[in-house]
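What follows is a set of notes on a single structure, which appears directly below.
The values are calculated or read from the model by the stated rules, or taken from the named source; none is laboratory data. Not measured: the values here are computed from a predicted model. Ideal geometry is used to build each Cβ from the backbone, glycine not excepted, and the neighbour counts take in all protein chains shown. Ligands, DNA and RNA are stripped out before the accessible areas are found, and what is left, the full protein with its side chains, is counted by its heavy atoms. Shrake-Rupley method; radii C 1.70, N 1.55, O 1.52, S 1.80 Å.
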Amino acid sequence: MNTLILAFHPHPARSRVQQAWLRRLRDVPEFHVHQVDAAYPDWRIDVAREQALLERSRHVVFMHPLYWYSVTPMMKLWLDEVLKFGWAFGPGVDRLAGKTWRHVVSTGATQADYQAGGFNEYTISELFKPWQRSAAMVGMRYLPPFLLHDSHSQDDAALARSGEQLLDALREPLAS
């Protein structure tokens, strides 16, 4: 496994975006798609399993909707439990050093809404500063997020195109 895709969504069956993306990525040999919410419906994360998946991966992708200007509740829990002091960071800890960290995010708002003066007032880059810092904290290289704005208005053809664009974007670090 080269790329670990951690898919988070509180209602994955209702997400046309995530379903389209997962359909496109699921059978790519160098990708391991892991639907975290489905794996832990009781919210009891198998930390050792998740850490082993991270150790075997060179690239880590966090796929999620923008949820209250942040990540989903399960993703927050996953980050808190899996990226522990002494395992993911701390003196002499380098398990994740050199790996890449990337968000793949859908938003319900338009790109213009995520600008200074726009409805949401802040850019995605500004909203994602904590995740950029988290990546640095564990020694990972933060890559720019892949974004699909205005996701609710996308028809099936547009979602299929975004799946192809996503595949291209995720394969890019594999070439380096």
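Farthest towards the positive end of the charge dipole of the stretch 28-176, among the residues 153, 90, 59, is the Cα of 90, using unit charges on the Cβ of Lys, Arg, Asp and Glu.
Quick check for you: with a 1.4 Å probe and neighbouring chains kept, what is the accessible area per residue of the stretch 41-108, in Å²?
Result: 46 Å² per residue.
Of the accessible area of the stretch 60-99, computed with a 1.4 Å probe over protein heavy atoms only, carbon and sulfur atoms account for 58 percent. Scan (1) 9.4; (2) 10.9; (3) 10.1 for the value of mean projected area of the Cα convex hull in nm² calculated from this model and give just the label. Step by step, mean projected area of the Cα convex hull in nm² for this structure corresponds to label (3). Helix 156-171 and the longest principal axis of the C-alpha atoms of the chain enclose an angle of approximately 30°.
About its Cα centre, the dipole of the stretch 101-176 is roughly 480 debye, where the only charges are +1 on Lys and Arg Cβ and -1 on Asp and Glu Cβ.
Of all trypsin sites (Lys or Arg not before Pro) in the stretch 65-108, which ones are in loop regions per DSSP and have a Cβ with at most 15 other Cβ atoms within 10 Å? Counting only loop positions with at most 15 other Cβ atoms within 10 Å, the trypsin sites (Lys or Arg not before Pro) in the stretch 65-108 are 84, 95. Counted over the chain, the DSSP beta bridges are approximately 5% antiparallel.
Using the Cβ-Cβ distance between residue 76 and residue 19 with R0 set to 25 Å, the FRET efficiency works out to roughly 0.65.
Of all aspartates and glutamates in the structure, the ones whose alpha carbon falls short of 12 Å from that of residue 99, not counting any fewer than 8 places away in one chain, are 55. Defining a contact as two alpha carbons under 8 Å apart and six or more residues distant in sequence, what relative contact order in percent does the stretch 48-176 show? Relative contact order comes out at 26 percent. Phi-derived couplings, Karplus 6.51 cos²θ - 1.76 cosθ + 1.60 at θ = phi - 60°, listed residue by residue for the stretch 71-79: 9, 6, x, 5, 5, 4, 4, 4, 4 Hz, with x used for Gly and Pro.
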